[in-house]
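Shown next, in structure tokens, is the structure this report addresses.
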Amino acid sequence: MTIGRFITFEGGEGAGKTTQIARLVRVLRARGVEVVQTREPGGSPSAEAVRDLLLHADHGWEPLSEALLHYAARCEHLTATIRPALARGAWVVCDRFSDSTRAYQGFGLGLDIGTLEALEHMVVGSTRPDLTLILDLPPEVGLGRATGRKAAADRYERMSETFHSRLREGFLAIAARAPERCAVIDAEPGEEQVAEAVFRAVRERLGGPAAA
Ligand code: T5A
């Protein structure tokens, strides 16, 4: 079976993931790579339905219920989109994945990391990312960018300053624990400079068409 490559982008609010994913996907496609661009929560019709529940209404979920909903969406996404793409040799570039649950529901909302790792083991299994790019910047800069762009902030963007600081610490701790998988990218400079750092990391870590 041909196995594709699985790249995830992570970071706090407004870190520039969508912007950088679009650029990376363009470059990879220009080099002849089949790329599936996707996102979480979401990425399949049933997972997008769960995304609406999570982002656009405040149902006052318990942190564990919230994590279970993210994992329900992830289970659907893996089955419908990610695993079939990897199995046919495509590259999957995904905006957020399990590290977001670890950072937001774990470091941010205080859910036990061991519980999240048990869910990850059950749902994600061996479909782990080959490379995770963590776009790092001060939360106030990211939130400023995100709210400058949209009419209304979503539920997570409205959380407290300390919540967003815990997220940043969480993502950096995740990177420190898995340096062979994660690359931390300084996301504060302009788009072009960040894109160069992203592509350098993809080339160095994954090679293949990215090295051509
Ligand atoms: N969530 C998700 C959990 O709590 N648990 C989970 O398990 C998962 C999977 C998803 C929310 O769900 C939470 C996390 C999130 O809160 P979302 O709408 O998908 O919500 O939100 P985000 O993933 O945070 O995405 P955003 O669209 O808000 O931010 P991006 O994609 O990181 O940033 P981007 O590229 O849209 O850029 C934001 C603005 O900044 C500008 C862009 O033009 C844009 O206007 N910009 C820059 N400006 C200056 N310099 C640069 N280098 C710039 N790069 C981009």
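FYI, it's all coordinate maths here, none of it is from the lab. Note that this is a predicted model, so its numbers are computed, not measured. Note that we place each Cβ from the backbone using ideal geometry, even for glycine, and neighbour counts take in every protein chain shown.
Here are a few things to note about the model shown:
- Each helix, a run of at least 4 DSSP H residues, gives -39500 (n - 2.57); summed and divided by the residues of the chain, these come to -15000 deg cm²/dmol at 222 nm.
- Size check on the stretch 31-127: the Cα extents along the three principal axes, sorted descending, read 44, 28, 21 Å.
- With neighbour counts taken as other beta-carbon atoms within 10 Å, the residues S126, S46, S160 rank, fewest first, as S126, S160, S46.
- P(r) for the stretch 113-169, from all Cα pairs and a bin width of 5 Å, is 4, 15, 17, 17, 16, 17, 12, 3 %, short bins first.
- When the P(r) is computed for the stretch 1-42, the part past 11 Å accounts for 70% of the Cα-Cα pairs.
- Principal axes of the chain: Cα extent on each, largest first, Å: 48, 37, 34
- Residues whose placed amide H lies under 5 Å from that of F6, excluding near-sequence neighbours: V92, D130, L131
- Note on the stretch 121-212: Cα-only Rg and Dmax are 15.5, 44 Å.
- Cα-Cα pairs of the stretch 74-151 separated by more than 18 Å (percent): 55
- When the convex hull of its Cα atoms is projected in every direction, mean area for the stretch 172-212 (nm²): 3.2
- Remark: spin-label model distance A178-A211 equals 2.3 nm, labels positioned 7 Å along the Cα→Cβ axis.
- Net length gained if the chain between R145 and M122 were fully extended (0.36 nm per residue, minus Cα distance): 4.7 nm
- With R₀ fixed at 25 Å, the C-beta to C-beta distance from A30 to A87 puts the FRET efficiency at about 0.55.
- Summing +1 for each Lys or Arg and -1 for each Asp or Glu among the other residues whose beta-carbon sits under 15 angstrom from that of E62 gives -2.
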